[in-house]
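Report on the following structure.
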Amino acid sequence: MAPRLATLALAVLLAAAVVAPPAAVRAAMSCSTVYNTLMPCLPYVQTGGAMPPQSCCGGIRSLLAQANNTPDRRTICGCLKNVANGASGGTYLDRAAALPSKCGVSLPYKISTNVNCNTIN
């Protein structure tokens, strides 16, 4: 019984190693990191104003600098899409979508509910 269990455990381990992507292509970014980094943008998205706070723009720049591979860029896109889907009105979404340009930053996609994050490279 023990040899069978060991063989099964080894087979499961090998299957997991084959199915799991290599560490180099796995996203290191998480939505909690994205949300925490962009938290300073929330007052601007909620109430507007002439310009978002510098801490908001710094957060956007920081995320872009950290997103140095396709999985991370797709993760960030998906997190922003989730936020857009949860936005309670067009005004909030419009302000969020305007953040990159207001901060002088170029995103490779638009913050929107219908962005296809799988096309992000």
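The values are calculated or read from the model by the stated rules, or taken from the named source; none is laboratory data. In this text the structure is predicted, and so the values were computed from the model without any measurement. When we count neighbours, we look across all protein chains shown, and the Cβ atoms used for this are built from the backbone with ideal geometry, even at glycine. These accessible areas exclude ligands, DNA and RNA; they are computed on the full protein's heavy atoms, side chains included. Shrake-Rupley method; radii C 1.70, N 1.55, O 1.52, S 1.80 Å.
A few comments on the model shown:
- Residue in region 67-79 that is among the polar types (S, T, N, Q), over 14 Å from LEU38 (Cα atoms) and more than 13 Å from the chain's Cα centre (by Cα) present: no
- Test for GLY89: is it at pLDDT 95 or above and small (Gly, Ala, Ser): no
- Condition check for LEU42: under 15 Å from GLY104 (Cα atoms) and open to solvent by 50 Å² or more (accessible area, probe 1.4 Å): no
- Pairs, first modelled with pLDDT under 90 and surrounded by fewer than 17 Cβ atoms within 10 Å (Cβ to Cβ) in region 93-119, second in a helix (DSSP H, G or I) and not hydrophobic (A, V, I, L, M, F, W, C), C-beta under 6 Å, six or more apart: THR113/ASN85
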